Amino acid sequence: MFDKNKDEVIAIIPARSGSKGIKDKNIADVCGFPLLAYSIMAARMCSDVSRVIVSTDSQRYADIAKQYGAEIPFLRPAEISGSKAQDIEYLRHALQCLGESEGKVPEYLMLLRPTTPIRDIELLQQAIDIIRKNEMASAVVSVHYASECPYKWMKVGEEGYLESPFCEMKPDDVNLPRQSFPKLFIPDGYVDVLKSETILEKQCVYGERAFPFLVEQDVIDIDDMEDLNKVIHINSCGTKIYQELCRKADL
């Protein structure tokens, strides 16, 4: 296994070229800049991030990413770039490429998905600080409270009758007061800080000791044109990341 650069944080931004909902979504124009530029700039604005790497299967995307300060030390193979590709595949590929070419891998990867372009840099820094202080954590995963209570949901079983999707619950349990159920969280893609050893040695992204990082602001994950238009409207008012992109463009 590869040696680790202790405490090093490298940002990894996945940007495959295929997209069904919005054509070329990861480079869609958002107030004059390609979507992936926002995540690249967010990572560059984090003082604890030493490098920003974009994992893409497209030379066109690679050339665009380089314009905004990202490294493209490798292209992602087509077999792990389809719509069914899993995070673990491109993360493991990125670490293996770095390990083979440089002899070492970073201790941490900060995963920033391009589809969540509006971020607070201070929150990204906080996520890094948390995993550095919590040695037992296998990852730090940003989450928000679930707006609905899944324990109230039902499904149709094999015999055609309603039952709870949770094996430990009976159908009548869905009538219990909402307050009697534990609060649930939804991973939101705002920021994940991962350990390279979890990815390479455990062969998983989060591991068994993923620490929750609660994000209490609205998180927009772009999936369709409505989401994209919402982000464009917000950015027209000027976020810090947008302002920094504009400043760099004027230099």
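The mean sequence separation of alpha-carbon pairs under 8 Å and at least six residues apart, normalised by the residue count of the stretch 1-99, gives a relative contact order of 28 percent.
Build a GNM of the chain with springs between Cα atoms under 10 Å apart, and of 125, 67, 59 the one that fluctuates most is 67. In this structure the amide hydrogen of residue 110, modeled in the peptide plane, comes within under 5 Å of the amide hydrogens of 10, 11, 12, 194, none closer than 5 places in sequence on its chain. Measure off 7 Å from each Cα along the Cα-to-Cβ vector at residue 185 and residue 155, then give the distance between these two points in nanometres to one decimal. My value for the distance between the label points is 2.4 nm.
Mind putting a number on the dipole of the chain about its Cα centre? Charges go on the C-beta only, +1 for Lys and Arg and -1 for Asp and Glu, and I need it in Debye to the nearest 20. Numbers along the way, then the final one.
Working: 30 positive and 40 negative charges, 104 e Å.
Dipole magnitude for the chain comes out near 500 debye.
Each other residue within a Cβ distance under 12 Å of residue 21 adds +1 if Lys or Arg and -1 if Asp or Glu, for a net charge of -3. The residues packed around residue 124, meaning those with a beta-carbon under 14 Å from its beta-carbon, carry a net charge of -2 if Lys and Arg are +1 and Asp and Glu are -1. Remark: C-alpha extents of the stretch 133-251 on the principal axes read 66, 39, 28 Å, sorted largest to smallest. Counting only Cα atoms, the size of the chain along its three principal axes is 63, 46, 36 Å, in decreasing order. Mind checking the angle between helix 87-102 and the chain's longest principal axis? C-alpha axes, 0 to 90 degrees, to the nearest 10. Approximately 30 degrees, to the nearest ten.
Taking each DSSP H run with n ≥ 4 as -39500 (n - 2.57) and averaging over every residue of the chain yields -9000 deg cm²/dmol at 222 nm. Karplus-derived 3J(HN,Hα) values for the stretch 43-55, using 6.51 cos²θ - 1.76 cosθ + 1.60 with θ = phi - 60°, are 5, 5, 7, 7, 5, 8, 8, 8, 8, 10, 10, 9, 9 Hz; glycine and proline are entered as x.
The stretch between residue 249 and residue 3 holds 84.8 nm of extra length on full extension. This uses 0.36 nm per residue minus the Cα-Cα distance. Pairs of Cα atoms nearer than 8 Å and 6+ residues apart set the relative contact order; for the chain it is 24 percent. Partners of residue 152 within straight-line reach, counting aspartates and glutamates whose Cα lies under 20 Å from its Cα and excluding those fewer than 8 residues away in the same chain: 163, 168, 172, 173.
My understanding is that a pair violates if its Cα-Cα distance is over 28 Å; which of 155/195; 23/66; 23/183; 4/66; 20/195 do that in this structure?
155/195; 23/183; 20/195
Averaging the Cα positions of each part gives two centres, and for the stretch 171-195 and the stretch 210-241 these lie 21 Å apart. Among 115, 101, 54, pick out the residue whose Cα is farthest towards the positive end of the charge dipole of the stretch 12-131, where Lys and Arg carry +1 and Asp and Glu carry -1 on C-beta, about the Cα centre. My answer, from the dipole projection, is 115. Report the net charge of residues surrounding residue 87, where surrounding means a beta-carbon distance below 13 angstrom and charges are Lys +1, Arg +1, Asp -1, Glu -1. Around residue 87, the surrounding residues sum to +3.
Under the Kirkwood approximation for Rh and a Cα-based Rg, what ratio Rg/Rh is obtained for the stretch 201-251? Answer for the stretch 201-251: 1.17.
Compute the FRET efficiency between residue 147 and residue 47 as 1/(1 + (r/R0)^6), taking r as their Cβ-Cβ distance and R0 = 30 Å, and round to the nearest 0.05. Mind dumping the intermediate values first?
Numbers: r = 34 Å, r/R0 = 1.13.
Taking R0 as 30 Å, the efficiency between residue 147 and residue 47 is 0.35.
All of the numbers you see were taken from the coordinates with simple rules; none came from a lab. It should be emphasised that the depicted structure is a prediction, and the values quoted were computed from it without experimental measurement. We place every Cβ from the backbone using ideal geometry, glycine too, and count neighbours over all the protein chains shown.
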